[in-house]
1. Inspect all residues belonging to the range A:367-387 and state whether any of them is surrounded by 15 or more Cβ atoms within 10 Å (Cβ to Cβ), over 30 Å from residue B:165 (Cα atoms) and not assigned by TED's automatic domain parsing to the domain that holds residue A:212.
2. Among the residues of the range B:29-44, write down those that are closer than 19 Å to residue B:164 by Cα and either crowded, with 23+ Cβ neighbours inside 10 Å or aliphatic (A, V, I, L, M) (or both).
3. Based on what the data block shows, is residue B:47 within 12 Å of chain A (Cβ to nearest Cβ) and β-branched (Val, Ile, Thr)?
4. Would you mind stating whether residue B:148 is at positive phi, surrounded by fewer than 21 Cβ atoms within 10 Å (Cβ to Cβ) and not charged (D, E, K, R)?
5. So, in the range A:324-342, of the ones that are surrounded by 16 or more Cβ atoms within 10 Å (Cβ to Cβ) and over 27 Å from residue A:293 (Cβ atoms), which residue ends up farthest from the chain's Cα centre (by Cα)?
6. Inside the range A:207-250, can you point out the residues that are touching a His at 6+ places or on another chain (Cβ under 8 Å), hydrophobic (A, V, I, L, M, F, W, C) and farther than 11 Å from residue A:271 by Cβ?
7. Return the pairs, sorted by first residue and then second, in which the second residue is assigned to a strand (DSSP E or B) and hydroxyl-bearing (Ser, Thr, Tyr), the first residue lies in the range A:292-313 and is buried (at least 24 other Cβ atoms within 10 Å of the Cβ), the beta carbons are less than 6 Å apart, and the residues are 6+ apart or on different chains.
8. Which of the residues spanning the range B:175-202 are assigned to a helix (DSSP H, G or I) and either at pLDDT 95 or above or not small (Gly, Ala, Ser) (or both)?
Amino acid sequence: MTIDSPTRTGSDLSPAARRSVAERLDVIGYPTKRHEAWRYAPHRTLGALSFGPPVDIAAALPELDAKMPTIEGPRIVVVNGLVDTERSDLTCPDGLRLSSLADVSAEQPERVAHHFDIADDEIDDAYLALSIAFGDDGAVVRVADDVTLDVPIHVVDVAVPDPTRNASCTGVVIHLGARSSATVIETRLGVTDEFGGSNVRTTITLDEGATLEHVVLQDAPDTQVHLSRIDVTQAAESTFNARSFNLGAAFGRCAYNVVLAGAGATADLSGLFFGVGEQVLDQQINVVHAAPDCTSRQTFRGVLDDRSTGVFNGGIDVRPGADGTDAEQSNDNLLLSNYAEVNTQPRLEILADEVACKHGATVGQLDETALYYMRTRGLRADEARRLLINGFADQAIDDVGIEPVRAWITHRLGHDDV
Amino acid sequence: MLHVENLTAAIGQTKILKGLNLDVGAGEVHAIMGPNGSGKSTFAHTIAGRDGYEITGTVTLDGADLLGMEPEDRAAAGVFMGFQYPVEIPGVNNMYFLRTALNSVRRSRGDTEISAREFLKVAKDAMDLVEMKQDFLDRAVNAGFSGGEKKRNEILQMAIMQPRLAVLDETDSGLDIDALRIIAGGVNALRGPERSMIVITHYQRLLDYIKPDFVHVLVDGRIVESGDHTLALHLEDHGYADFLNHGLDDAPEQPLTGVRS
């Protein structure tokens, strides 16, 4: 397999960035099927993405408002990698600062340095390199110590493929101060039926005792590619609750790299991927227990219909010294068609003592006996089927506490919220 | 009301029902007893509409051909089956399921749908009948229910669906005496001149609580003996051996002793 030349995006880079990205891309190349984390990705499709600096399309996007969940509170909307101030509402309650990444980079670069200054040997894939090079703008969420925010913060990324650049990069930096608590919802959408995509990278830092509720709603059009990477570093006693709904895009990739760096931290990741048509929905989860007495949970559900493909690649990495680790992982899948496919793989590496690690995966089909049972109660076959599928999916939605988000998901999946 | 004539059912080469005849009149309660493997549950499923059997013969309810109908259409026509093993449906709320079921049947019959508030009233009465608490409705259908709770949920569903014909398949299996009393109480309360029931059971015990108008003995896919409730008492004393070991000609006379009134 040939590796695409980085020069396809190089012409618009600043000289320094171009050199850096080009050099790094030369070394690592684009991922191929030989890379475990990209094994099921449609590489030909990915190869057709053209990245570059953001293009201000300044277009009216009438479809966008209908697609976006209606959530009261501060909002920042990023269109093609640039903050759209018209659609954003940066009014914040005390203790919260919501800003554009480009502004913070210009005014207080030290606040976001960790998002960009990544050592060469840690740039492990091409899309991270591209994100460093081109993802200048996006959102920065900062919550001060000891602040508990009642309103959720909404970060919306919108891909609008442009003939000159069909793919954009967006950066999101979230920092919660000690003992603070906040909810951030990241909605990822796309407009138009053109081919293209979005590469969104989120860097999350949770100080001691902080609690973040983080929701990803990925619903890009099925003509697009959506790449999401979320890097999390957690200090002692912090809590990261991640809820991912990977629903849209021809290829929707949702990757989490969580490092439990301080003792007693908790990461609870759950999610739903629901594929139809020929979608490929890919979850790449990596939780590193780097400190003692941390807890992690990975609970992901997949529903795959038609010719769709689901991927769950879940890693638990218990480092030396991370004694008292309590880690669990589960992935339950429902295949609705003979042509649908799911690839589920646990990866456990345990190098510490007194560790409790559990993992399990199931792949099943709709329970024919349950369908029959429901039909004897008068439910039409399609209705019984719908109820069973929703019942399976709803168990992933149960973890979401924010009503408008629940409503958006249930509406998106086409069923009543019970 | 229910007319079954020369009914046969087979799975592949295995014949299970071999020419079953039965007539159930309006308001009647018929008990079907028989040893394991005699075809009792298969009979229930052929009435309810389970896939996978090759079926010949006639089954009509109020003159309508049931065998040509999908299970949901049979439900709309008034058939209800209480399962021996009620199915667990994780993630589907019991109340939502029951209301959806009731409204599906109402729609099929051309009735208006029932509102959530009206439904609560209906459900409340049904729950009282089987001594269930409100939290039953908030749980997923049968998920994590005890054996007794599952069976009570079946009777609750029957009370809500108000069927013309209820087929209760081994509703007494796995129940302790208190649960049996509650379930039998529910069934008895639902007896009425317009509602017929077929109670399938292995043991006579249930028939102490639900007194049938007729008892039939099903052996090897056929009804080999019919009588009143005293036939059940004979079976209790003598087992099915008389029917298994001898031909039909040897079937016992109605017992003259041990008759309860």
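1. The answer is no; no qualifying residue exists.
2. Here is the first cut: in the range B:29-44, the residues closer than 19 Å to residue B:164 by Cα are B:29-32, B:43-44.
Result: B:29, B:31, B:32, B:43, B:44.
3. Values: within 12 Å of chain A (Cβ to nearest Cβ): yes; β-branched (Val, Ile, Thr): yes.
In short, yes.
4. Numbers: at positive phi: no; surrounded by fewer than 21 Cβ atoms within 10 Å (Cβ to Cβ): yes; not charged (D, E, K, R): yes.
When the stated conditions are applied, residue B:148 does not pass them.
5. So the first thing to find is which residues in the range A:324-342 are surrounded by 16 or more Cβ atoms within 10 Å (Cβ to Cβ), and the list is A:324-336, A:340-342.
So of that shortlist, the ones also over 27 Å from residue A:293 (Cβ atoms) come out as A:332-336, A:340-342.
Working: A:332: 19, A:333: 19, A:334: 21, A:335: 23, A:336: 24, A:340: 22, A:341: 21, A:342: 19 Å.
Checked the range A:324-342; the qualifying residue farthest from the chain's Cα centre (by Cα) is A:336.
6. Matches in the range A:207-250: A:220, A:230, A:240, A:249.
7. What qualifies is A:312/A:344.
8. Filtering the range B:175-202 down to residues assigned to a helix (DSSP H, G or I) leaves B:177-189.
Residues satisfying the conditions are B:177, B:178, B:180, B:181, B:182, B:183, B:187, B:188.
The values are calculated or read from the model by the stated rules, or taken from the named source; none is laboratory data. Please read these numbers as outputs of a predicted model, since none were measured by experiment. Heads up, the Cβs are rebuilt from the backbone with ideal geometry, glycines too, and the neighbour counts pull from every protein chain shown.
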